[in-house]
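The values are calculated or read from the model by the stated rules, or taken from the named source; none is laboratory data. In this text, all values refer to a predicted model and were calculated from it rather than measured experimentally. Please note: Cβ atoms are built from the backbone with ideal geometry, for glycine as well, and neighbour counts cover all protein chains shown.
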Amino acid sequence: MRQTYHREAIKVSKFFCFLPVTIAASVALIIFFPGLCFGAQRWNISIKNLRLNKSEKIVSFKLALRGAWIYSIKSTPKEWGLTVANHTKEAGRCDSSVFGNTIVGAGALDASYFRDFVLVKSQEFNSKRKPFTVALTLGVSNNGGMSTRNVVVHSAQIIRKVIDE
């Protein structure tokens, strides 16, 4: 009995021995790697002229960015789950995405949620050209939830508004 307790104490002490190294490495990653993508400008993303039938609501969405970093999301809708992924690829290019879907049907959204719904920060070297690319797909369902269709939002419907820093 005593030996078992001693072994467990050694395991715990080994864990805490590596804790400062883990924290230091995490802080370094947060400071240096996102810094590659935080460049010149912040942008609000909105959708204009999204036309849905009266009985349709949005039950999922996927926003994919190239050349920009997800900076913040307006809010997490009630009864929704969101996943944000910010990745730095080869040559320091950022590929980021947000995926969200409703947990229950009552959490379905109307188009008004997608006004200034995400704030992104473009890469510095991209801000002089086309700042970044945006692709957005919505999962739309009727009120009964019996059928779902995907709506690809065209680039002409996506508004990018520069936010002064």
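Observations on the structure shown:
- Yes/no for SER141 being more than 16 Å from the chain's Cα centre (by Cα) and modelled with pLDDT of 85 or more: yes
- Some residue of region 78-94 being crowded, with 17+ Cβ neighbours inside 10 Å and closer than 19 Å to ILE159 by Cβ: no
- Any chance ILE23 is assigned to a helix (DSSP H, G or I), under 17 Å from the mean Cα position of the chain (by Cα) and modelled with pLDDT under 90: no
- First in region 118-135 and within 13 Å of ARG93 (Cα to Cα) and at pLDDT below 85, second anywhere and among the aromatic types (Phe, Trp, Tyr) and assigned to a strand (DSSP E or B), Cβ under 7 Å, 6 or more apart: SER122/TRP43; PRO131/TRP43
- Matching residues, region 39-54, being modelled with pLDDT of 85 or more and among the aliphatic types (A, V, I, L, M): ILE45, ILE47, LEU50, LEU52
- Residues satisfying the stated conditions in region 48-76, i.e. loosely packed, with under 14 Cβ neighbours inside 10 Å, under 19 Å from VAL134 (Cα atoms) and of a type in the set (Gly, Ala, Ser): SER72
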